[in-house]
Amino acid sequence: LRAVLKKASALEHKIQRRALRKEDFINYIQYEINLLELIKKRRARIGYSFKKDEIENSILHRVHSLFKRAIGKWKEDVQLWLSHVAFCKQWNAKHQLSKVFSSMLAIHPNKPALWIMAAKWEMETRLSSESARHLFLRALRFHPECPKLYQEYFRMELMNAEKQRKEKKQFERAKMDLGEFNYSEEILNGEMARIIYRDAAQKIKGVKFHLDVLSIAKLFDFTQDLQKEILERHGVFSLQTKFADDPLTWDYLARRELELGPLQSTKHTTKQMKVSEMTQREERCSAVFEEAVRAVPTEDMWKYYITFCLERYNRKTNSEGLKQKRLERTLSVFNKAHESNLLPEALYKQWLQLLLESNLSEKAVEVAEAATKRFSLSVETWQVRLQVLIQLKSDDVTQCFEEAVKHVKSKGTLPLWTLWVEWSEGTKSKEDTEALYQRSLCAVTHAESVTMKEKYLDWTYRNGGYKKVRRVFNSLCENRPFSLDFFRKMIQIEKEQESCKMLHLREYYERALREFGSTDSDIWLDYIKEELSHPQGKPENCGSIHWRAMKMLQGDLVEDFISKHTLLQTGHL
């Protein structure tokens, strides 16, 4: 209790300062929430509920007050509002949450996602369709052309209709009098959703919205008339004329062929007949896509076509013939898109994986080379090509690496050099690998050289031993920047030696402190622990190390260091 009181008092003092900081409020709130969780777990463990309301409610009230103060100071921080919302949901504070939503929407009416969140809560948690409807209508006054708002409002009305239909059916099954219940036939048949769609259709252009609304309507089994209206308003011929240049239109029209003519489920239907019918459907889809890429020859259109082919190829089937046809179709489409120079860069990797899985190694090498010619400045594309060559154990790997670093600028080439040295470690001599590491340090940017230094140090120790790694470490220390892990790695190497020398450990710690002494408190504590535990350590040095740490550390790191040092002195760290 004393520890809780001491920590809470320290946090309280921080939020009473003249210059308030958001981090102080967040830390205080997080501490109180953790305390609540701890109390909850302990009560559950020992089955003790004495003064439950009195204790928990006082903490809950304090957390709400802290949120209120923080939000009053930093109203523009949406994440702070959302944290308060999450807390209210977690502790079932419905009345408080209603107020939070109301205040949040008054401050941030320009964010549709917040309106949707509030309406969903009213509908799903409070079971109030009227409140949810009211929120959607208010939101649409601020965002009259927001597709997402209309979609969620449309979904909500259909969910409300489905809920009322289920209730009515249950009452009828129980033979109860429905006179006291007001079930509107218009709502039950989804008329509200129809009105929303008609209103939205006048304001929102583009085929995507109509297709999204149609997919929502298909989730409910009583919306056949509504689906028919959407299709009639934007049916096949209408879509082709109004949105002929939109790849999404063609994607819908092609995929629609899969749904036409349902598979027969009679006793006489054989597996072979089902496979034949599915093959015909997929061929009809493919024919629509072929027409699409001629009408709209863009990268996006080819992407939709290839995505469809990959989806069908990845579907499980017991028919080897169908799977083979899907593979051939997919590879053919990849090739056509490539020949048209319209295959997106990201899809080359999937193509190459498919070629390698199909044991088409020569074609994979050819495609990888063509990809790097087209995207010669892309690190990712060169990386994919190199991985293909390495996997196939090609003799051209070194030449390809040289070509890659020649084309790509130094910034961002770290993945290439990392791949190169890792490949060299397994295939080349130690001398060649070391020369490659040294070359990479000069080739990459200063920031990226940090990673290469760590890898170089680790490789040297594994292959050259302790004396060699000491020399490499000293040479690497001549050029900044460094990482803390670089020094920690050398400290760990020293500690693994049979004759671990404290003199060397002090050297590594001092080097690390020169670089990170003002931004990391743990390295100071590790230094103190080393002086206390090492046979050659000098405990009398701990006082001066502590004094230096207090001088160098910045901001809250001083307090963090003091608390950890106290735990170290009491033997709890």
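The values are calculated or read from the model by the stated rules, or taken from the named source; none is laboratory data. Everything numeric in this text was worked out from a predicted model, so none of it was measured. Don't worry about glycine lacking a Cβ; one is built from the backbone with ideal geometry, like all the others, and counts go over all protein chains shown. Remember, those area values only see protein heavy atoms, side chains included, never the ligands or the DNA or RNA. Shrake-Rupley method; radii C 1.70, N 1.55, O 1.52, S 1.80 Å.
From the list V444, V421, pick out the single residue that is surrounded by 13 or more Cβ atoms within 10 Å (Cβ to Cβ), modelled with pLDDT of 95 or more, β-branched (V, I, T) and in contact with a Ser or Thr (Cβ under 7 Å, 6 or more places away or on another chain). Break it down into steps so the answer makes sense when it comes.
Numbers: V444 fails: modelled with pLDDT of 95 or more.
Among V444, V421, only V421 is surrounded by 13 or more Cβ atoms within 10 Å (Cβ to Cβ), modelled with pLDDT of 95 or more, β-branched (V, I, T) and in contact with a Ser or Thr (Cβ under 7 Å, 6 or more places away or on another chain).
Could you list, in sequence order, the residues of region 322-377 that are closer than 21 Å to T307 by Cβ and among the hydroxyl-bearing types (S, T, Y)?
Residues satisfying the conditions are T330, S332, S340, Y348, S358.
Kindly indicate the residue of region 21-56 that is of a type in the set (F, W, Y) and surrounded by 10 or more Cβ atoms within 10 Å (Cβ to Cβ) and also modelled with the lowest pLDDT among those meeting that condition.
Within region 21-56, the first condition is being of a type in the set (F, W, Y), and the residues that meet it are 25, 28, 31, 48, 50.
Those still in the list that are surrounded by 10 or more Cβ atoms within 10 Å (Cβ to Cβ) too: 25, 28, 31, 48.
Numbers: F25: 93, Y28: 93, Y31: 92, Y48: 84.
In this case the residue turns out to be Y48.
Looking at region 476-501, which of its residues are of a type in the set (S, T, Y) and exposed (fewer than 12 other Cβ atoms within 10 Å of the Cβ)? Explain how you work it out, then say what you get.
Of all residues in region 476-501, those of a type in the set (S, T, Y) come to 483, 499.
The one that is of a type in the set (S, T, Y) and exposed (fewer than 12 other Cβ atoms within 10 Å of the Cβ): S499.
Could you count how many residues in region 79-127 are hydrophobic (A, V, I, L, M, F, W, C) and open to solvent by 30 Å² or more (accessible area, probe 1.4 Å)? Steps first, please.
First pass over region 79-127, keeping only residues hydrophobic (A, V, I, L, M, F, W, C): 80-82, 85-88, 91, 93, 97, 100-101, 104-107, 113-119, 121, 123, 127.
Going one step further and asking which of them are open to solvent by 30 Å² or more (accessible area, probe 1.4 Å), we end up with 82, 86, 91, 106-107, 113, 117, 127.
Of the residues in region 79-127, 8 are hydrophobic (A, V, I, L, M, F, W, C) and open to solvent by 30 Å² or more (accessible area, probe 1.4 Å).
Can you confirm whether T330 is modelled with pLDDT under 95 and β-branched (V, I, T)? Please lay out each step first, then the result.
Values: modelled with pLDDT under 95: no; β-branched (V, I, T): yes.
Spelling it out, it is not the case that T330 is modelled with pLDDT under 95 and β-branched (V, I, T).
Report whether or not K411 is assigned to a helix (DSSP H, G or I), loosely packed, with under 14 Cβ neighbours inside 10 Å and not acidic (D, E). Walk me through it before giving the result.
Details: assigned to a helix (DSSP H, G or I): no; loosely packed, with under 14 Cβ neighbours inside 10 Å: yes; not acidic (D, E): yes.
No, not satisfied.
Quick one: how many residues across region 424-479 are more than 24 Å from L386 (Cα to Cα) and not in a helix (DSSP H, G or I)?
Selection size over region 424-479: 3.
Which numbered condition trips up N359, out of (1) part of a loop (DSSP other than H, G, I, E, B); (2) open to solvent by 80 Å² or more (accessible area, probe 1.4 Å); (3) in contact (Cβ under 8 Å) with a residue 24 or more places away in the chain?
Among (1) part of a loop (DSSP other than H, G, I, E, B); (2) open to solvent by 80 Å² or more (accessible area, probe 1.4 Å); (3) in contact (Cβ under 8 Å) with a residue 24 or more places away in the chain, N359 violates only (3).
Would you confirm whether or not region 4-15 contains a residue that is within 35 Å of the chain's Cα centre (by Cα), modelled with pLDDT under 90 and part of a loop (DSSP other than H, G, I, E, B)?
yes
Take the conditions buried (at least 21 other Cβ atoms within 10 Å of the Cβ), free of Cβ contacts under 8 Å to residues at least 60 places away in the same chain and within 21 Å of A217 (Cα to Cα) and apply them to A139. Does it pass?
no
Among the residues of region 227-248, write down those that are surrounded by 14 or more Cβ atoms within 10 Å (Cβ to Cβ), of a type outside the set (S, T, Y) and either at pLDDT below 60 or in contact with a helix residue (DSSP H, G or I) (Cβ under 6 Å, 6 or more places away or on another chain) (or both).
The answer is Q227, I230, H234, L239, F243, D246, P247, L248.
From the list K99, K120, which residue is of a type in the set (K, R), assigned to a helix (DSSP H, G or I) and in contact (Cβ under 8 Å) with a residue 24 or more places away in the chain? Explain how you work it out, then say what you get.
Details: K99 fails: in contact (Cβ under 8 Å) with a residue 24 or more places away in the chain.
Criteria check complete, one pass: K120.
Could you check how many residues of region 431-441 are out of contact with any Phe, Trp or Tyr (no Cβ under 9 Å at 6 or more places or on another chain) and either farther than 13 Å from T398 by Cβ or surrounded by 14 or more Cβ atoms within 10 Å (Cβ to Cβ) (or both)? Outline the logic, then answer.
We begin by selecting, within region 431-441, every residue out of contact with any Phe, Trp or Tyr (no Cβ under 9 Å at 6 or more places or on another chain); these are 431-432, 435.
The next check asks that each one be either farther than 13 Å from T398 by Cβ or surrounded by 14 or more Cβ atoms within 10 Å (Cβ to Cβ) (or both); those that pass are 431.
Adding up the residues that qualify gives 1.
Could you tell me whether region 515-522 includes any residue that is in a helix (DSSP H, G or I) and either in contact (Cβ under 8 Å) with a residue 60 or more places away in the chain or among the hydrophobic types (A, V, I, L, M, F, W, C) (or both)? Talk me through it step by step, then tell me what you get.
Initial filter on region 515-522 (in a helix (DSSP H, G or I)): 515-516, 522.
Now drop any that are not either in contact (Cβ under 8 Å) with a residue 60 or more places away in the chain or among the hydrophobic types (A, V, I, L, M, F, W, C) (or both), which leaves 516.
Scanning region 515-522, I find at least one residue that is in a helix (DSSP H, G or I) and either in contact (Cβ under 8 Å) with a residue 60 or more places away in the chain or among the hydrophobic types (A, V, I, L, M, F, W, C) (or both), so the answer is yes.
Are any of the residues in region 511-530 over 35 Å from the mean Cα position of the chain (by Cα), open to solvent by 30 Å² or more (accessible area, probe 1.4 Å) and farther than 26 Å from K7 by Cβ?
yes
Just one of the numbered conditions (1) modelled with pLDDT under 95; (2) crowded, with 16+ Cβ neighbours inside 10 Å is not true of R294; which one?
Evaluating R294 over (1) modelled with pLDDT under 95; (2) crowded, with 16+ Cβ neighbours inside 10 Å leaves (2) as the failure.
Assess whether R18 counts as being open to solvent by 80 Å² or more (accessible area, probe 1.4 Å) and either in a helix (DSSP H, G or I) or at pLDDT below 95 (or both). Can you show your working first?
On the way: open to solvent by 80 Å² or more (accessible area, probe 1.4 Å): yes; either in a helix (DSSP H, G or I) or at pLDDT below 95 (or both): yes.
Answer is yes for this residue.
So, of the residues in region 368-378 that are in a helix (DSSP H, G or I) and out of contact with any helix residue (DSSP H, G or I) (no Cβ under 6 Å at 6 or more places or on another chain), which turns out to be most open to solvent (accessible area, probe 1.4 Å)?
Initially, region 368-378 is screened for residues in a helix (DSSP H, G or I), giving 368-374.
With out of contact with any helix residue (DSSP H, G or I) (no Cβ under 6 Å at 6 or more places or on another chain) added as a condition, the list becomes 369-370, 373-374.
Numbers: E369: 73, A370: 28, K373: 148, R374: 78 Å².
Checked region 368-378; the qualifying residue most open to solvent (accessible area, probe 1.4 Å) is K373.
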